[in-house]
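Below is one structure, written out as structure tokens; comments come after it.
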Amino acid sequence: MFNYKSAKPINILLVEDNPADIRLTREVFKDGKINNILNVVMDGEEALLYLKKLDKYLSAETPDLILLDLNLPKKDGREVLEEIKADYNLKLIPVIILTTSSAEKDIIATYTHHANCYIMKPVDLGQFVSVIRCIEEFWLSIVKLPKKEE
């Protein structure tokens, strides 16, 4: 049987401003089957600095996967998604929208800007853990992610 924890870690960028959601997501990924590195930024401007390797993020590793909230301070997640998908060096990184918004306009707008997936954050703790585990199982175990060119 393959030992997922011994494989090269999957680098995940979580763009989230809610400390409780950050803590819970971190715990679920830490206890998961897949070897991963979870980096966190708490607003849209920091996300773009991280992704473009600017300021304090000069040595940041390009993520294999981005979990992006929509309702962020400084720069909205919708704008962040649009900039990611318009950037030649970033556009192939899968972006999973993980948000509380159920607005149809948000769903349409994010898919229009090439989000790879739209998931509503459950308010129930157990369901939230289940959703993060499903993301891990599908996106980190089943899906073949593009290779990074560093």
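Output yes when any residue across the stretch 12-31 is surrounded by 17 or more Cβ atoms within 10 Å (Cβ to Cβ) and either over 20 Å from Tyr118 (Cα atoms) or touching a Cys at 6+ places or on another chain (Cβ under 9 Å) (or both), and no when none is.
Among the residues of the stretch 12-31, not one is surrounded by 17 or more Cβ atoms within 10 Å (Cβ to Cβ) and either over 20 Å from Tyr118 (Cα atoms) or touching a Cys at 6+ places or on another chain (Cβ under 9 Å) (or both), which makes the answer no.
Among the residues of the stretch 18-28, is any part of a loop (DSSP other than H, G, I, E, B) and in contact with a strand residue (DSSP E or B) (Cβ under 9 Å, 6 or more places away or on another chain)?
So the first thing to find is which residues in the stretch 18-28 are part of a loop (DSSP other than H, G, I, E, B), and the list is 18.
From what is left, the residues that are in contact with a strand residue (DSSP E or B) (Cβ under 9 Å, 6 or more places away or on another chain) are none.
There is no residue in the stretch 18-28 that is part of a loop (DSSP other than H, G, I, E, B) and in contact with a strand residue (DSSP E or B) (Cβ under 9 Å, 6 or more places away or on another chain).
What pairs come up if the first residue lies in the stretch 108-132 and is more than 24 Å from Lys91 (Cα to Cα) and without any contact (Cβ under 8 Å) to a residue 40 or more places away in the chain, the second is open to solvent by less than 60 Å² (accessible area, probe 1.4 Å) and not in a helix (DSSP H, G or I), and their beta carbons are under 7 Å apart, counting only those six or more places apart or on different chains?
What qualifies is Val131/Ile119; Val131/Pro122.
Being in a strand (DSSP E or B) and open to solvent by 10 Å² or more (accessible area, probe 1.4 Å) is the filter here; which residues of the stretch 89-122 pass it? So that I can check it myself, show each step before the final result.
At the first step, the residues of the stretch 89-122 found to be in a strand (DSSP E or B) are 95-99, 117-120.
If the condition is that a residue be in a strand (DSSP E or B) and open to solvent by 10 Å² or more (accessible area, probe 1.4 Å), then Cys117, Tyr118, Ile119, Met120 are the ones that fit.
Picking from Ala60, Ala47, which residue would you name as being free of Cβ contacts under 8 Å to residues at least 40 places away in the same chain, of a type outside the set (Val, Ile, Thr), open to solvent by less than 40 Å² (accessible area, probe 1.4 Å) and more than 30 Å from Ile108 (Cα to Cα)? Talk me through it step by step, then tell me what you get.
On the way: Ala47 fails: more than 30 Å from Ile108 (Cα to Cα).
None of the others qualify; the one that does is Ala60.
Could you please let me know if Thr62 is farther than 18 Å from Asn11 by Cα and among the polar types (S, T, N, Q)?
Working: farther than 18 Å from Asn11 by Cα: no; among the polar types (S, T, N, Q): yes.
Against the criterion (farther than 18 Å from Asn11 by Cα and among the polar types (S, T, N, Q)), Thr62 does not qualify.
Across the stretch 51-68, which residue is farthest from the chain's Cα centre (by Cα) among those that are under 21 Å from Ile22 (Cβ atoms) and aliphatic (A, V, I, L, M)?
Ala60
Residues being free of Cβ contacts under 8 Å to residues at least 40 places away in the same chain, over 19 Å from Lys121 (Cβ atoms) and in a loop (DSSP other than H, G, I, E, B): count how many of those fall in the stretch 32-44.
So the answer is 1.
Search the stretch 32-44 for residues being hydrophobic (A, V, I, L, M, F, W, C) and open to solvent by less than 30 Å² (accessible area, probe 1.4 Å), and hand back the single one that is nearest to Ser130 (Cα to Cα). Lay out the reasoning, then the answer.
From the stretch 32-44, those hydrophobic (A, V, I, L, M, F, W, C) are 34, 37-38, 40-42; that's our starting set.
Narrowing further to those that are open to solvent by less than 30 Å² (accessible area, probe 1.4 Å): 34, 38, 41.
Values: Ile34: 15, Leu38: 18, Val41: 23 Å.
Top of the filtered list is Ile34.
Quick check, is Leu81 outside any helix (DSSP H, G or I) and open to solvent by less than 30 Å² (accessible area, probe 1.4 Å)?
Working: outside any helix (DSSP H, G or I): no; open to solvent by less than 30 Å² (accessible area, probe 1.4 Å): yes.
So Leu81 fails the test.
Here is a list of conditions, (1) under 21 Å from Asn116 (Cα atoms); (2) out of contact with any Pro (no Cβ under 9 Å at 6 or more places or on another chain), and Ser59 meets all of them except one; can you say which number that is?
(1)
If you check Asn71 against the conditions, is it open to solvent by 40 Å² or more (accessible area, probe 1.4 Å) and not in a loop (DSSP other than H, G, I, E, B)? Working first, answer last.
Numbers: open to solvent by 40 Å² or more (accessible area, probe 1.4 Å): yes; not in a loop (DSSP other than H, G, I, E, B): no.
No, not satisfied.
The values are calculated or read from the model by the stated rules, or taken from the named source; none is laboratory data. As the structure is a computational prediction, the values presented were derived from the model and not from experiment. Don't worry about glycine lacking a Cβ; one is built from the backbone with ideal geometry, like all the others, and counts go over all protein chains shown. These accessible areas exclude ligands, DNA and RNA; they are computed on the full protein's heavy atoms, side chains included. Shrake-Rupley method; radii C 1.70, N 1.55, O 1.52, S 1.80 Å.
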